[in-house]
Amino acid sequence: MPAARWTKSSFSGETGQDCLEATRVDGLGWVLRHSILTDHMIPLTDGGYVAYCSGVKADEPGLVP
C-alpha cells in the first residue's frame, strides 16, 4: 500500500519508536500496522475499527502491547 497515508496513534507514546499506525482504504475499511513491523497489517471494517478504538480508550486488556 505505497500510496497509503498512515497516521500514528496518539496512544503510541512519546518516542515514536513503537507505534500503532492506521489508514483508511476506500472499499476495504481501516488497516492497522506496527510502525516497525510494517509488513504485518490488520484489516478492519469500519465497525471493527470503532470497536477497537473504543476498547483502547476503555483500557480493555490485550488491545495494546
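The values are calculated or read from the model by the stated rules, or taken from the named source; none is laboratory data. Keep in mind the model is a prediction, meaning the values are calculated, not measured. FYI the Cβ positions are ideal-geometry reconstructions off the backbone, even for glycines, and counts take in every protein chain you see. Side chains included, ligands, DNA and RNA excluded: accessible areas come from the protein's heavy atoms. Shrake-Rupley method; radii C 1.70, N 1.55, O 1.52, S 1.80 Å.
At-a-glance table
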{"item": "Meets criteria (touching an Asp or Glu at 6+ places or on another chain (Cβ under 9 Å) and either small (Gly, Ala, Ser) or at pLDDT 85 or above (or both)) for Ser35", "result": "yes"}
{"item": "The stretch 7-31, subset over 19 Å from Gly48 (Cα atoms) and either open to solvent by less than 100 Å² (accessible area, probe 1.4 Å) or in a strand (DSSP E or B) (or both), residue modelled with the lowest pLDDT", "result": "Gly16"}
{"item": "Conditions (1) loosely packed, with under 13 Cβ neighbours inside 10 Å; (2) at pLDDT 85 or above; (3) of a type in the set (A, V, I, L, M, F, W, C); (4) touching a helix residue (DSSP H, G or I) at 6+ places or on another chain (Cβ under 7 Å); number of the one not met by Leu44", "result": "(1)"}
